[in-house]
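Read through the structure below, which is laid out as structure tokens, and then see the notes.
The values are calculated or read from the model by the stated rules, or taken from the named source; none is laboratory data. Only a predicted model underlies this, so the values are computations on that prediction, with no experimental measurement involved. We place every Cβ from the backbone using ideal geometry, glycine too, and count neighbours over all the protein chains shown. Calculation scope for accessible area: heavy atoms of the full protein, side chains included, ligands and nucleic acids excluded. Shrake-Rupley method; radii C 1.70, N 1.55, O 1.52, S 1.80 Å.
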Amino acid sequence: MKITTKQFGWWSALLGLTLATAILPPRAIAQDDYQPQDDPPSRVARLGYMEGSISFQPAGETDWVGAVDNRPLTTGDKLWADKDSRAELQLGSAVIRLSENTGISFLNLDDHTVQVQLSSGTVNIRVRSLDRDDDIEIDTPNLAFTIDQPGRYRLEASEDGTYSLVSIREGEGEATGNGQTYTLHAGQSGTFNGTDSLNADVEQIGDPDQFDTWADGRERRHDQSRSAQYLSHDVVGYDDLDDNGDWRDDSNYGHVWFPHVDAGWAPYREGHWDWIDPWGYTWVDDSSWGYAPFHYGRWVNAGGRWGWVAGPPAERAVYAPALVVFIGAGGGGGFGGNIGWFPLGPREVYVPSYPVSRGYVERVNMSSTTVNTTVITNVYNTTVINKTTNVTNITYANRNVAGAVTAVPQGAFASAQPVARAAVKIDAREIASAPVSRRVAVNPTREAVLGSKASSANHVTAPPAAVMNRQVVAKKTPPPPPVSFAKQQQAMAAHPGQPLPKREMASLRPAAAARPAVKVAPPGKPAQPTTGHPNNAARPGQPNNNAARPGQPAPGAPANRPGNQPAGNQPAANERPGSANQPNRPPAAQPNNNRPETNQPNNRPPAAQPNNRPPAETNRPEPNRPPAAQPNNRPPAETNRPEPNRPPAAQPNNRPPAETNRPEPNRPPAAQPNNRPPAETNRPEPNRPPAAQPNNRPPAETNRPEPNRPPAAQPNNRPPAETNRPEPNRPPAQPNKSEPAARPEQRTPPPAAKQAPPPKQQPAKPQTPEEKKRAEEKKPPGV
């Protein structure tokens, strides 16, 4: 059979197509099939500031390691701020600040959703802008709170997971749980308790505490940033540029930021490479300002000095793992077995090493540099789809700049080792001859997943398992949990250094894989909260010794007892007079070192009270004991006491009411110096009924029922100094060594040994008519 030239050409084309199909990797041919839903998020959360001990757990892993500044966080990542620690997460349009003893994780983080699991502790959230399709949700063990407006929010989850607190200084939001929804507005604070049913108590917001003040101070740095006028407000970390460099205008590139660095410094040199899904190798810089210039914009060398050029301010910023081009990264051992890179320059197109759609390539480039869409499309078609042009054929401005290229051994690159310490020297000839690529064809190690502090695994403070594994309530269903790195390794071997697409990642996830510990709340109906109740819940991580948790009475408040109801014969522990916020209750008893015990033995004097102290023991509750006499300048206690058939006691001039409320036998008098409230006056005896206490009246001795006792004459404004003057044949009070001694000016002098007490008054007997007549005859004339 004779084959014509035309037939040969047809068969050759068919054979070539068949061979090409067999040789080219399936993933490369299907590259143009990627849809926008397959693209990675355009934003992440930057761990931008830390105080104290902060621990981090990468998505899909079980080990906790030390957290590192500038680490990007995404869906599945967890963070723990230990005691006396704080952290700040920046998301561009929002910022989340963690107080001590606080654990969070990202249930979801993409272009339109921020879903945070707050297992325990306190977060302060500042939302600067909120698009119509944006959704910010904070999930606690008993509610899901959705932020509806830009503003300032604070959420707290109790350590035991039984209640949550939501405070709104600016903005508005909605709490959802178990079919109920509550809307909170600016200036309100809501306490939500219960897990089977969500109960709400709303009141006006209180004053800021130390954590709020710290968060406000951090926020002012952002609001007052000078760099805001030069770039998009979605660029994460731009406020750190103010104190670490200067902005200058350039005729070719516009506004350029020049960092304050040492001679010989180059971009992407002081830091390390982490492996973070779904982007793959990600640059983490060591500098405090080293986030925005390495994930947005481009670098230019002007006059031997490196400057950073931000993207157009009008464009919404799109995060990139590292805007570089790699050298000798093909994995074949070229370039001396090292991997090198240099920063992209202005107007140069970034081609991601991870699978993305055409639209993503356009967005990530147009937001980070000034470049024409036609140029982006041509680069995408020739380098990604048709592969007729390699990145090697492109002339890069920074490739030939002295000191621009940094290189490390492959092992150091793939295990997150510090670049500055592992860097190797390379000359210009090696750089010129080495192949250029858009990705590193070397698979990462587990150390790259854990980060530069991988050696700290299981050696850092981790949150209690009960806290991080606690179920939370969600309004929006989160995505399935991430796949562990161990399960990805085998699949990555076919295409080293390239992250797995979402569809392939899903195939590695077990069919019955459970979602995170989340209980999706049923659709809610508006509910009416109670209002005006004091917010006595102790804030997680904040000291508040006088507060009670929601649903519990405040310390010292008797349950279900009216404010004016007298206590029973034996007061309970939380019914002590003087507890905070108790109306019409006697003042609190003083500490034990300033008061006698309840059942003091005879002849034991009470402790002397220092001047100007409140009447500590005035109404000290003892079983069936009446309240004590009131301090000076109060209405005379005994003036109108009804005591029938008793003559008034004889009172020498200029002497205070000595016989009033004479103590029982064998009881010493209380030492009471002038200008001091009578702390121990009328200390009640056992088995004596309490005196009724009308509202707003001093607990005096008015109407104290004591038959056959004369009322004591009480001159106004006289201190009851001698109130409990000892009776005849009574020994003076002896100091008690177990009680604190009174100061010299407060000690009461011992009674004179030879001083005779006044005669004891006897009750008057009824007189007969004859006795009355004789008494009249003995009266002097005129009487």
When you scan region 189-199, how many residues do you find that are buried (at least 17 other Cβ atoms within 10 Å of the Cβ) and closer than 14 Å to T162 by Cβ? 6
Single match in T213, T195, T191 (criterion: out of contact with any Cys (no Cβ under 7 Å at 6 or more places or on another chain), assigned to a loop (DSSP other than H, G, I, E, B) and of a type in the set (S, T, N, Q)): T195
Determine whether S353 is at pLDDT below 95, open to solvent by 10 Å² or more (accessible area, probe 1.4 Å) and in a loop (DSSP other than H, G, I, E, B). yes
Based on what the data block shows, is R248 assigned to a strand (DSSP E or B), open to solvent by 50 Å² or more (accessible area, probe 1.4 Å) and either without any contact (Cβ under 8 Å) to a residue 12 or more places away in the chain or farther than 30 Å from P141 by Cβ (or both)? yes
Could you run through region 403-436 and say how many residues are free of Cβ contacts under 8 Å to residues at least 12 places away in the same chain and either closer than 19 Å to W306 by Cβ or crowded, with 19+ Cβ neighbours inside 10 Å (or both)? 1
So, P481, is that one over 30 Å from G264 (Cβ atoms), open to solvent by less than 50 Å² (accessible area, probe 1.4 Å) and within 34 Å of the chain's Cα centre (by Cα) or not? yes
For region 207-227, how many residues are open to solvent by 10 Å² or more (accessible area, probe 1.4 Å), touching a residue at least 12 places away in the same chain (Cβ under 8 Å) and more than 16 Å from the chain's Cα centre (by Cα)? 4
Subset of region 75-90, residues more than 14 Å from the chain's Cα centre (by Cα) and open to solvent by 10 Å² or more (accessible area, probe 1.4 Å), comes to T75, G76, K78, Q90
Can you tell me which condition H459 does not meet? The list is (1) free of Cβ contacts under 8 Å to residues at least 12 places away in the same chain; (2) assigned to a helix (DSSP H, G or I), and all the others hold. (2)
Y153 buried (at least 24 other Cβ atoms within 10 Å of the Cβ) and in contact with a Pro (Cβ under 7 Å, 6 or more places away or on another chain): no
Within region 134-154, track down each residue that is under 19 Å from the mean Cα position of the chain (by Cα) and under 22 Å from K525 (Cα atoms). I136, E137, I138, D139, T140, P141, N142, L143, A144, F145, T146, I147
Residues to consider are S129, S119, S93; find the one that is open to solvent by less than 10 Å² (accessible area, probe 1.4 Å) and in contact with a Pro (Cβ under 9 Å, 6 or more places away or on another chain). S119
Among the candidates K475, K425, which residue alone is among the charged types (D, E, K, R) and touching a strand residue (DSSP E or B) at 6+ places or on another chain (Cβ under 6 Å)? K475
For N365: the one exception among (1) in a helix (DSSP H, G or I); (2) at pLDDT below 95: (2)
Residues of region 251-265 satisfying the condition of being outside any strand (DSSP E or B) and in contact with a strand residue (DSSP E or B) (Cβ under 6 Å, 6 or more places away or on another chain): Y253, H260
Check off (1) open to solvent by 10 Å² or more (accessible area, probe 1.4 Å); (2) modelled with pLDDT of 95 or more for D274 and give me the number that stays unchecked. (1)
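For region 490-506, does any single residue satisfy the condition of being outside any loop (DSSP other than H, G, I, E, B), touching a Lys or Arg at 6+ places or on another chain (Cβ under 8 Å) and farther than 30 Å from S197 by Cβ? I'd like the intermediate steps shown before the answer.
Narrowing region 490-506 to residues outside any loop (DSSP other than H, G, I, E, B): 490-492, 502-506.
Subset that is touching a Lys or Arg at 6+ places or on another chain (Cβ under 8 Å): none.
No, region 490-506 contains no residue that is outside any loop (DSSP other than H, G, I, E, B), touching a Lys or Arg at 6+ places or on another chain (Cβ under 8 Å) and farther than 30 Å from S197 by Cβ.
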Among the listed residues F342, F335, F326, identify the single one that is under 16 Å from Y268 (Cα atoms) and either open to solvent by 10 Å² or more (accessible area, probe 1.4 Å) or modelled with pLDDT under 90 (or both). F326
Tally up the residues in region 96-116 that are open to solvent by less than 10 Å² (accessible area, probe 1.4 Å) and over 19 Å from P482 (Cα atoms), please. 5
Among (1) at pLDDT 95 or above; (2) open to solvent by less than 30 Å² (accessible area, probe 1.4 Å); (3) within 30 Å of V351 (Cα to Cα), I54 falls short only on (3)
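Please find, within region 92-109, the residue that is farthest from P150 (Cα to Cα) out of those that are modelled with pLDDT of 95 or more and in a loop (DSSP other than H, G, I, E, B).
N101
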